[in-house]
Amino acid sequence: MNHDIKILHVLPSGTRQYCMHGWVAHVDNICVGHIHMLIEANDRVKFLDAWVHDDWRRKGIFRKLWDTRWKFVQENFSGWKAYAWCKPMSLPLLLEKGFTPGDSSVYVEKEIEEKGPYGPNCFVSC
Ligand SMILES: CC(C)(COP(=O)(O)OP(=O)(O)OC[C@H]1O[C@@H](n2cnc3c(N)ncnc32)[C@H](O)[C@@H]1OP(=O)(O)O)[C@@H](O)C(=O)NCCC(=O)NCCS
């Protein structure tokens, strides 16, 4: 790859309520991808929200971001457990890195209806 891809580590704000780290891949100060990590209770870190811009996919950016984050957790969270919910595109890299597959999940959705003036509709028989 000829482009000079740099990675910026975005630190959490410092408040204990919100402990999200981010790693942003950028070329000439334009963001081309990012990944995140949430620090959770019980010595667990959650890897989430991997994204690489369509025009920059399959060039190793996700791998580069992933390896940068992994180096950081090895240096700072040794002994903790890392986990993630993967989509089909991100799963192969995590399996390659030695993560073991657990439960899968199913996406569901529902339109939110406005609540009527008398509360939710309810069949009244008498
Ligand atoms: C998933 C995503 C982040 C990968 O980014 P990328 O920079 O193109 O990935 P890389 O080029 O670094 O590929 C690293 C590895 O990921 C896997 N991978 C990447 N794209 C893949 C695809 N389309 N299908 C299957 N595996 C894929 C491969 O194992 C690949 O290793 P290889 O190149 O040696 O085969 C990107 O496709 C994306 O943003 N997808 C939409 C959002 C998404 O699904 N995010 C995952 C949320 S959990």
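Readers should treat all values here as calculations from the given coordinates under stated rules, not as data from a laboratory. What you see is a predicted model, and the numbers here were worked out from it, not measured in a lab. As a convention, Cβ positions derive from the backbone with ideal geometry for all residues, glycine included, and neighbour counts pool all protein chains shown.
Observations on the structure shown:
- Inter-label distance, CYS31 to THR68: 1.3 nm, where each label sits 7 Å from its Cα along the C-beta direction.
- Computed log₁₀ I(q)/I(0) - Debye formula, equal Cα scatterers, no solvent, segment 6-120, q 0.09, 0.21 Å⁻¹: -0.33, -1.25
- Angle in degrees between helix 61-76 and the longest Cα principal axis of the chain, rounded to the nearest 10: 90 degrees
- Set of lysines with alpha-carbon distance to LYS71 below 25 Å, sequence-local pairs under 8 removed: LYS6, LYS46, LYS59, LYS81, LYS87, LYS97
- In terms of other Cβ atoms within 10 Å, ILE39, ILE61 run from fewest to most in the order ILE39, ILE61.
- Sites LEU11 and LYS110 - FRET efficiency at Förster radius 35 Å, r taken between beta-carbons, to 0.05: 0.45
- Counted residue by residue at 0.36 nm each, then reduced by the alpha carbon distance between them, the extension gain from HIS53 to ALA41 reaches 1.2 nm.
- Entry note, the chain: relative contact order of 16 percent, from Cα contacts under 8 Å with a spacing of 6+ residues.
- When the Cα atoms of segment 14-80 are aligned to their principal axes, the ranges along those axes come out at 38, 23, 17 Å in descending order.
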